[in-house]
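K.L.:
Shown below is the structure under consideration.
The values are calculated or read from the model by the stated rules, or taken from the named source; none is laboratory data. The shown structure was predicted, so the numbers you read here are calculated from the model rather than taken from an experiment. Here the Cβ positions follow ideal geometry from the backbone for every residue, glycine too, while neighbour counts run over all protein chains shown.
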Amino acid sequence: KEAKLWGGRFEESVTDAVERFTESISYDKALYKQDILGSKAHASMLAKQGLITIPDRDSIHQGLSEIERRIENGEFEWRTDREDVHMNIEAALTDLIGEPAKKLHTARSRNDQVLTDFRLWCRDAIDAIGAKIKHLQVSLVKLAMENEGVIVPGYTHLQRAQPVLLQHLLLAFVEQLERDAGRLLDCRVRLNFCPLGACALAGTGLPIDRFMTSAALDFTAPMKNSIDAVSDRDFVMEFLSANAITAIHLSRLGEEWVLWASEEFGFLTPSDKVSTGSSIMPQKKNPDPMELVRGKSARVVGDLVTLLTLCKGLPLAYNRDLQEDKEPVFDSVKTILGMLEVSAEFAQNITFNRERIQKSLPAGHLDATTLADYLVKKAIPFRTSHDIVGRAVAVCVSNSCQLQDLSLDELRSIHPVFDKDVYEFLGVENSVKKFSSYGSTGSACVASQLGDWVTKLEIT
Ligand code: ARG
């Protein structure tokens, strides 16, 4: 067996079970790029500070580039007995270039090294998720552009409430996604500080320049407190929280579309490209992608809970428990990227069934609140208007008709203030036209917001 990098004080080697149980190489090899980047920056700094020679630095750089090349060509052997990505690369570098490699770990610990790698990795992941969020927003906005003027029932309590423009509804999801992207950017700002040089926990007496490595790796600044630097995982918790919120938004979108695709609603039809069938029922066409978006949100929430629970009882500073922080992050990122991608594909492959939607609009007295507003315009206090319209609705319910079917006489028998202009307020088309407040479903308002999104998202 090869001696461990930390093996000096040990007389016996670890058991196979312990080796298998404590390894992280099986998953943290995903950090190889960041690990190499960090090591190169560290070596440059060590050379500038006179801690290693320039030829040592150059040979470390060349060796690391060669290792990166081998990894990317599948020629690199990842070894479980070398435990994690850091020791795999360092040991391979020693195999490759000999003595100079042994100087690379000067004024560095795996504790600050792993966090440098991990912050760099999360930073890239945030950018990738942000791009996918934007792509989904674009798909939703395009869907809205294709469905100008379509009125749908708006629901509260999943009961029919008021008529809204389909565009308005789609843009609601675009707004949510914008906040999701904003949360990720906030998180990115806070995580972008460099732990490298914090070493094990206390810093070092060697003359390193942490500002140099921080700048080389595009961090804002070095982290100020070395103990905090190796203990902190709140950047991970924050990142996974942001992902969890995004996942919940996507789950709600999924639920909406699954419901709308049902026979009972029938408001939308997904194309075959985004549907799957049943192994027993030949007629079935299911909206599985959006069901799985809803389902996979559970994993993303679970990943956050794993991280929170992992950190809950930990004393300062580094504890080996923290090695468990990576898989939930990898899982969360992979899952959320998939959810965003497939939601966008679904959006690009659905048709809203305008006829079916139109036919459904008369049900549910969607114009009742507009009628109450009509009475307010006639100087009736709103509470009284509410009561008058409630009585009109009761008449409709017993006659199985709509508000617009009531004659002026019938309306006047409920309250004398009704006039023939009331019919300009009844029916869903009229009702939608009356909305004018900022942020409302009124067509001018929705058109202007749609225009803003087209500009913001650079849709051509
Ligand atoms: N693989 C370890 C992790 O992910 C790296 C840090 C190990 N540090 C230590 N002192 N054992 O946390």
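K.L.:
Give the residue that is farthest from the chain's Cα centre (by Cα), with candidates limited to residues of the stretch 429-446 that are surrounded by fewer than 13 Cβ atoms within 10 Å (Cβ to Cβ) and either part of a helix (DSSP H, G or I) or in contact (Cβ under 8 Å) with a residue 60 or more places away in the chain (or both).
P.N.:
So the first thing to find is which residues in the stretch 429-446 are surrounded by fewer than 13 Cβ atoms within 10 Å (Cβ to Cβ), and the list is 429, 436-439, 444.
If we keep only those that are either part of a helix (DSSP H, G or I) or in contact (Cβ under 8 Å) with a residue 60 or more places away in the chain (or both) too, we end up with 429, 444.
Working: 429: 36, 444: 31 Å.
Looking at the filtered set, the residue picked out is 429.
K.L.:
Moving on to the next point. How many residues are assigned to a loop (DSSP other than H, G, I, E, B) and in contact (Cβ under 8 Å) with a residue 24 or more places away in the chain if we restrict to the stretch 191-217? So that I can check it myself, show each step before the final result.
P.N.:
We begin by selecting, within the stretch 191-217, every residue assigned to a loop (DSSP other than H, G, I, E, B); these are 192, 195-209, 217.
With in contact (Cβ under 8 Å) with a residue 24 or more places away in the chain added as a condition, the list becomes 192, 195-202, 204, 206-209, 217.
Within the stretch 191-217, residues that are assigned to a loop (DSSP other than H, G, I, E, B) and in contact (Cβ under 8 Å) with a residue 24 or more places away in the chain number 15.
K.L.:
Let me ask you something else. Condition test on residue 180, is it assigned to a helix (DSSP H, G or I), among the charged types (D, E, K, R), buried (at least 18 other Cβ atoms within 10 Å of the Cβ) and within 27 Å of the chain's Cα centre (by Cα)?
P.N.:
Working: assigned to a helix (DSSP H, G or I): yes; among the charged types (D, E, K, R): yes; buried (at least 18 other Cβ atoms within 10 Å of the Cβ): yes; within 27 Å of the chain's Cα centre (by Cα): yes.
In short, yes.
K.L.:
Could you look through the stretch 1-26, keep only residues that are in contact with an Asp or Glu (Cβ under 9 Å, 6 or more places away or on another chain) and outside any loop (DSSP other than H, G, I, E, B), and pick out the one that is surrounded by the most Cβ atoms within 10 Å (Cβ to Cβ)?
P.N.:
25
K.L.:
If you don't mind, there's one more thing I want to ask. From (1) over 19 Å from residue 360 (Cα atoms); (2) surrounded by 21 or more Cβ atoms within 10 Å (Cβ to Cβ), pick out the condition that doesn't hold for residue 282.
P.N.:
The single condition residue 282 does not satisfy is (2).
K.L.:
Tell me which of these residue 274 doesn't satisfy, since it passes every other one: (1) under 30 Å from residue 22 (Cα atoms); (2) in contact with an Asp or Glu (Cβ under 9 Å, 6 or more places away or on another chain); (3) among the aliphatic types (A, V, I, L, M).
P.N.:
(1) is the only condition that residue 274 fails.
K.L.:
Could you say whether any residue in the stretch 221-228 is surrounded by fewer than 19 Cβ atoms within 10 Å (Cβ to Cβ), touching a residue at least 60 places away in the same chain (Cβ under 8 Å), within 16 Å of the ligand (Cβ to nearest atom) and in a helix (DSSP H, G or I)? Explain how you work it out, then say what you get.
P.N.:
Step one: filter the stretch 221-228 for residues surrounded by fewer than 19 Cβ atoms within 10 Å (Cβ to Cβ), giving 221, 224-225, 227-228.
If we keep only those that are touching a residue at least 60 places away in the same chain (Cβ under 8 Å) as well, we get 227.
Now restrict to residues that are within 16 Å of the ligand (Cβ to nearest atom): 227.
Narrowing further to those that are in a helix (DSSP H, G or I): 227.
Yes, there is a match, as at least one residue in the stretch 221-228 is surrounded by fewer than 19 Cβ atoms within 10 Å (Cβ to Cβ), touching a residue at least 60 places away in the same chain (Cβ under 8 Å), within 16 Å of the ligand (Cβ to nearest atom) and in a helix (DSSP H, G or I).
K.L.:
Inside the stretch 299-328, can you point out the residues that are under 24 Å from residue 18 (Cα atoms) and either away from the ligand (no atom under 16 Å from the Cβ) or of a type in the set (A, V, I, L, M, F, W, C) (or both)?
P.N.:
Keep residues of the stretch 299-328 that are under 24 Å from residue 18 (Cα atoms), which gives 306-307, 309-311, 313-315, 317-328.
Passing the criteria: 307, 309, 310, 311, 313, 314, 317, 322.
K.L.:
Still on this structure, I have one more. Applying the selection to the stretch 60-112, what residues are among the β-branched types (Val, Ile, Thr), within 23 Å of residue 23 (Cα to Cα) and buried (at least 17 other Cβ atoms within 10 Å of the Cβ)?
P.N.:
Residues of the stretch 60-112 among the β-branched types (Val, Ile, Thr): 60, 67, 71, 80, 85, 89, 94, 97, 106.
After this cut, where a residue has to be within 23 Å of residue 23 (Cα to Cα) as well, the list is 67, 71, 80, 85, 89, 94.
Once the filter is applied, which keeps residues that are among the β-branched types (Val, Ile, Thr), within 23 Å of residue 23 (Cα to Cα) and buried (at least 17 other Cβ atoms within 10 Å of the Cβ), the stretch 60-112 yields 67, 71, 85, 89.
K.L.:
Sticking with this structure for a sec: Just the residues that are in contact with a helix residue (DSSP H, G or I) (Cβ under 6 Å, 6 or more places away or on another chain) and either more than 30 Å from residue 340 (Cβ to Cβ) or surrounded by 23 or more Cβ atoms within 10 Å (Cβ to Cβ) (or both), please, taken from the stretch 203-220.
P.N.:
Kept after step one, since they are in contact with a helix residue (DSSP H, G or I) (Cβ under 6 Å, 6 or more places away or on another chain), are these residues of the stretch 203-220: 203, 209, 212-213, 216-217.
Within the stretch 203-220, 203, 209, 212, 213, 216 meet the criteria.
K.L.:
Sticking with this structure for a sec: For residue 148, state whether it is within 30 Å of residue 361 (Cβ to Cβ), assigned to a helix (DSSP H, G or I) and either out of contact with any Gly (no Cβ under 6 Å at 6 or more places or on another chain) or away from the ligand (no atom under 16 Å from the Cβ) (or both).
P.N.:
Values: within 30 Å of residue 361 (Cβ to Cβ): yes; assigned to a helix (DSSP H, G or I): no; either out of contact with any Gly (no Cβ under 6 Å at 6 or more places or on another chain) or away from the ligand (no atom under 16 Å from the Cβ) (or both): yes.
Against the criterion (within 30 Å of residue 361 (Cβ to Cβ), assigned to a helix (DSSP H, G or I) and either out of contact with any Gly (no Cβ under 6 Å at 6 or more places or on another chain) or away from the ligand (no atom under 16 Å from the Cβ) (or both)), residue 148 does not qualify.
K.L.:
Please go through the stretch 204-239 and give me each residue that is under 24 Å from the mean Cα position of the chain (by Cα) and basic (Lys, Arg), ordered by number. It would help to see each step written out before you state the result.
P.N.:
Looking only at the stretch 204-239, we keep the residues that are under 24 Å from the mean Cα position of the chain (by Cα), and these are 218-220, 232-239.
Of everything in the stretch 204-239, just one residue is under 24 Å from the mean Cα position of the chain (by Cα) and basic (Lys, Arg), namely 233.
K.L.:
Can you run down the residue pairs with Cβ atoms below 8 Å, 6 or more apart or on separate chains, where the first is in the stretch 38-51 and in a helix (DSSP H, G or I) and the partner is surrounded by fewer than 19 Cβ atoms within 10 Å (Cβ to Cβ) and among the polar types (S, T, N, Q)?
P.N.:
46/106; 47/53
K.L.:
Same structure again: List the pairs whose first member sits in the stretch 384-412 and is over 19 Å from residue 360 (Cα atoms), whose second member is part of a helix (DSSP H, G or I) and among the basic types (Lys, Arg), and whose Cβ atoms are under 8 Å apart, counting only residues at least 6 apart or on separate chains?
P.N.:
Taking only residues 6 or more apart or on different chains, the pairs are 408/420.
K.L.:
Here is a further query. Which condition breaks for residue 23 when tested against (1) more than 32 Å from the chain's Cα centre (by Cα); (2) in contact (Cβ under 8 Å) with a residue 12 or more places away in the chain; (3) over 25 Å from residue 194 (Cβ atoms)?
P.N.:
(1) is the only condition that residue 23 fails.
K.L.:
Considering 104, 115, which residue is in contact with a Ser or Thr (Cβ under 7 Å, 6 or more places away or on another chain) and within 16 Å of the ligand (Cβ to nearest atom)? Before the answer, list the steps.
P.N.:
Details: 115 fails: in contact with a Ser or Thr (Cβ under 7 Å, 6 or more places away or on another chain).
Testing whether each residue is in contact with a Ser or Thr (Cβ under 7 Å, 6 or more places away or on another chain) and within 16 Å of the ligand (Cβ to nearest atom) leaves just 104.
K.L.:
Only one residue in 120, 140, 136 is within 16 Å of the ligand (Cβ to nearest atom), at negative phi and at pLDDT 95 or above, so which one is that? Walk me through how you get there before you give the answer.
P.N.:
Values: 140 fails: within 16 Å of the ligand (Cβ to nearest atom); 136 fails: within 16 Å of the ligand (Cβ to nearest atom).
Residue meeting the stated conditions: 120.
K.L.:
Another question about this same structure. Could you identify the single residue in 261, 242, 247 that is surrounded by 13 or more Cβ atoms within 10 Å (Cβ to Cβ) and more than 19 Å from the chain's Cα centre (by Cα)? It would help to see each step written out before you state the result.
P.N.:
Working: 242 fails: more than 19 Å from the chain's Cα centre (by Cα); 247 fails: more than 19 Å from the chain's Cα centre (by Cα).
Result: 261 is the single residue among 261, 242, 247 that is surrounded by 13 or more Cβ atoms within 10 Å (Cβ to Cβ) and more than 19 Å from the chain's Cα centre (by Cα).
K.L.:
Does residue 195 qualify as being in contact with a strand residue (DSSP E or B) (Cβ under 9 Å, 6 or more places away or on another chain), within 16 Å of the ligand (Cβ to nearest atom) and either of a type outside the set (Phe, Trp, Tyr) or within 26 Å of residue 307 (Cα to Cα) (or both)? Steps first, answer last, please.
P.N.:
Numbers: in contact with a strand residue (DSSP E or B) (Cβ under 9 Å, 6 or more places away or on another chain): yes; within 16 Å of the ligand (Cβ to nearest atom): yes; either of a type outside the set (Phe, Trp, Tyr) or within 26 Å of residue 307 (Cα to Cα) (or both): yes.
Yes.
K.L.:
Determine, yes or no, whether residue 29 is assigned to a helix (DSSP H, G or I), basic (Lys, Arg) and either within 23 Å of residue 330 (Cα to Cα) or under 34 Å from the mean Cα position of the chain (by Cα) (or both). Walk me through how you get there before you give the answer.
P.N.:
On the way: assigned to a helix (DSSP H, G or I): yes; basic (Lys, Arg): yes; either within 23 Å of residue 330 (Cα to Cα) or under 34 Å from the mean Cα position of the chain (by Cα) (or both): yes.
So residue 29 passes the test.
K.L.:
Contact list please: Cβ distance under 6 Å, first residue in the stretch 113-128 and farther than 13 Å from residue 30 by Cα, second residue among the charged types (D, E, K, R) and surrounded by fewer than 21 Cβ atoms within 10 Å (Cβ to Cβ), pairs at least six apart or on different chains.
P.N.:
Listed pairs, sorted by first residue: 126/188.
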